[in-house]
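The values are calculated or read from the model by the stated rules, or taken from the named source; none is laboratory data. This structure is a prediction, so every number in the text was calculated from the model and none was measured. Using ideal geometry, Cβ is built from the backbone for each residue, glycine included, and neighbour counts are taken over all protein chains shown.
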Amino acid sequence: MAADRTAISGGLYMTVEQYLALDEATDAKYEYFDGYVFMLRPPSSAYDHRAVVDMAGGSVAHAALCARMALVLGNALEDSPCMTYTSDARMKLAEDHYLYPDLTVACGEETGKMITKPVVVIEVLSSTTEKRDRGSKLKAYKALPSVQEYVLIGSEYKAIEVHRRDGNFWRQYHYREGDLVELTSIGVSFPFDDV
């Protein structure tokens with residue numbers, strides 16, 4: 001079955017089966033959301049001596065914040081059943097939602113090719129991703145029962161925002177320089193300035 005190659009809002013429409021086959025057949029990285037595929041990183045074959053192609057679009061600040069948060073969480077969770085995963089780990093939110101968050105924390109054993117029970121999801125914001133991270137991704141993460149906290153970290157301004165599940169509701173917490181950031185679902189707190 002061939003995919004419909006109609007581009008809508010920057011994405012390519014295809015079935016879940018087509019997406020999974022595409023994502024697993026190459027070293028490229030794609031996200032799948034409500035039937036649309038979005039390229040995060042092109043396959044290595046797209047790079048040759050004549051052209052440089054890079055869809056990731058991450059800044060130095062974005063990369064540093066991801067690395068710093070992975071270090072902070074990795075150290076804090078060292079003796080815990082929880083594990084921090086980088087954006088190389090695909091996450092399944094629903095049958096029509098497969099994403100690669102910047103960082104994910106899952107507690108208990110994850111098996112197979114993707115994370116299915118994330119507890120904390122972290123996205124580092126940039127001007128090109130902020131609208132999606134605050135909109136459709138926030139809504140999708142809140143719909144997954146295992147997700148207890150969704151963390152947004154500014155890469156162009158100094159702010160950390162935690163969306164925390166509180167029973168049937170979600171509460172928003174804002175942290176700035178000098179604050180102690182709390183991720184209550186995994187029992188971790190760290191100084192804002194460490195990030």
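Scanning for something buried (at least 18 other Cβ atoms within 10 Å of the Cβ), outside the structural domain of MET39 (by TED's automatic domain parsing) and more than 20 Å from ARG41 (Cβ to Cβ), does region 120-133 turn up at least one residue? Yes, because at least one residue in region 120-133 is buried (at least 18 other Cβ atoms within 10 Å of the Cβ), outside the structural domain of MET39 (by TED's automatic domain parsing) and more than 20 Å from ARG41 (Cβ to Cβ).
Of the strands (runs of 3 or more DSSP E) lying entirely inside region 77-195, those carrying at least 1 residues that are of a type in the set (D, E, K, R) are 91-94, 118-125, 149-154, 160-166, 169-175, 180-183. The residue that is surrounded by the fewest Cβ atoms within 10 Å (Cβ to Cβ), among those in region 78-92 that are closer than 22 Å to VAL195 by Cα and under 19 Å from the mean Cα position of the chain (by Cα), is ASP88. Out of GLY35, GLY57, GLY11, one residue alone is out of contact with any Phe, Trp or Tyr (no Cβ under 6 Å at 6 or more places or on another chain) and either modelled with pLDDT of 90 or more or of a type outside the set (Lys, Arg) (or both). It is GLY57.
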